Structure formats: C-alpha cells, structure tokens
Amino acid sequence: MKSDAPSYETQELREFAEVLRGRRTIELFLQTPVPRELLKEAVEAATWAPNHHVTEPWHFYLLGDTAIERCLDLCEDIVSTKKGAKAGNFKRRNWSEKPGWLVVTCKRSADLLLQTEDYAACCAAIQNLMLYLWKAGVGCKWTTGDITRDSRLDDIVGFDGDDVFVAGLLWYGYPKLTPSQNRKNLAEALTELP
C-alpha cells in the first residue's frame, strides 16, 4: 500500500512561516498590560520544547512590581559601578519602561554534555514562548546581560544559584515600534551534501 506524503503547501504552514519570519526583538513597548492568563499560556506552550531525556531543565519566574523595582535597583548599581552614576540612572530609566519581566533559569549539571543539552532546551523553550507571544501581538527582548550573572539576582528572584543559572531575562509587552530585519540568503546558510 503506497502512502503519499502530506502536502507542505498549506495556508497554515505559510502563516506559521510568517510568524517565524516576522518575530522581532522589541526595544520600545506600549504600557498596555499583557493579560496574565496569556503569559501563563505562553509558558505552558514553552514547556513543550524538545529536551533530551525529558529533563525539563527550565523554570519561569514572572516578576511583579516589587521584584522589578529591586531588579531596577540592581541594574542601576551594576551600571553605576562600571560607568558612573549618570549611566546607571539612564539605564534604570530605560529599563523602567519595560512593562513585563520574566526570568528563565536552567538547571546546573556537573556533566558538561547534559548542561549543554539542558541549556539548548531552555533556549528552545524561550523561543517557543516568544513565538507564542508574538502570534498574540506581544513582543519580547531576551537579554543575558550583566544582571543575569549577578548573584544578587538570585535573592531577588528566589532561586539557588548553585542549582540553576539564568538562561535569560525577558522583557515583554505590546510593541510600540517593530523594527525591520534581514537574514542571509538560503545559499549562505545551507550546505547540501550528496
């Protein structure tokens, strides 16, 4: 019995490709609140990312006003220490305009291969989350800057830095401005072997 492969030329697939190609890193957000239920749905969708041996190495922390304010204090301190009070104050003002904050952690492992696989799984989960939100009209910026490696963040968010590390801090909200973007052409990104 011969079985034909299903057609890949479908409207659903084209629409999915539009979501993938259309997603952008958002720097400027409207101050319109994102429904908490939408965030929970996005996190649930994120947890369906591939993960070797189903380790599910991620944990998501949805920050409220108090935690965000403490993160802003930490950010200002980090930048002020490196670049001076004026730069710290500027960074704080900039970051205070980010309407939603989410921290994603990854389990630590003494096994380097497992650690690499788990981090890759967390990155896939973050991408799932960002694509889900993008389809709902919500943009994100994923950062791994100095604040994500500062042990004081552990206390603010409430995790043990000996057990996990931050895979990313995500700001989310409705985009005020969506930038354009280009990518390499397929011939530069793909090598076909015989």
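Here are the numbers:
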| quantity | calculated |
| --- | --- |
| Rg to Rh quotient for region 40-143, alpha carbon positions, Kirkwood Rh | 1.05 |
| Förster radius 25 Å - calculated FRET efficiency between Lys83 and Leu28 (Cβ-Cβ, nearest 0.05) | 0.65 |
| Arg152 versus Thr178: modelled label distance in nm, points set 7 Å from Cα along the beta carbon direction | 3.7 nm |
| Within the chain, longest stretch clear of exposed GluC sites (Glu not before Pro) (DSSP loop, no more than 12 other Cβ within 10 Å) | 10-191 |
| Cα gyration tensor category, rounded, prolate or oblate, for region 36-92 with a/c compared to 1.5 | prolate |
| Net lengthening on full extension, Asp65/Asp162 (0.36 nm per residue, minus Cα-Cα) | 32.3 nm |
| Separation of the Glu192 and Leu113 label points, Cα + 7 Å toward Cβ, nm | 3.3 nm |
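Read the figures in this text as sums done on the coordinates, not as results from a lab. Keep in mind the model is a prediction, meaning the values are calculated, not measured. Every residue, glycine as well, gets a Cβ built from its backbone with ideal geometry; the counts of neighbours run over all protein chains shown.
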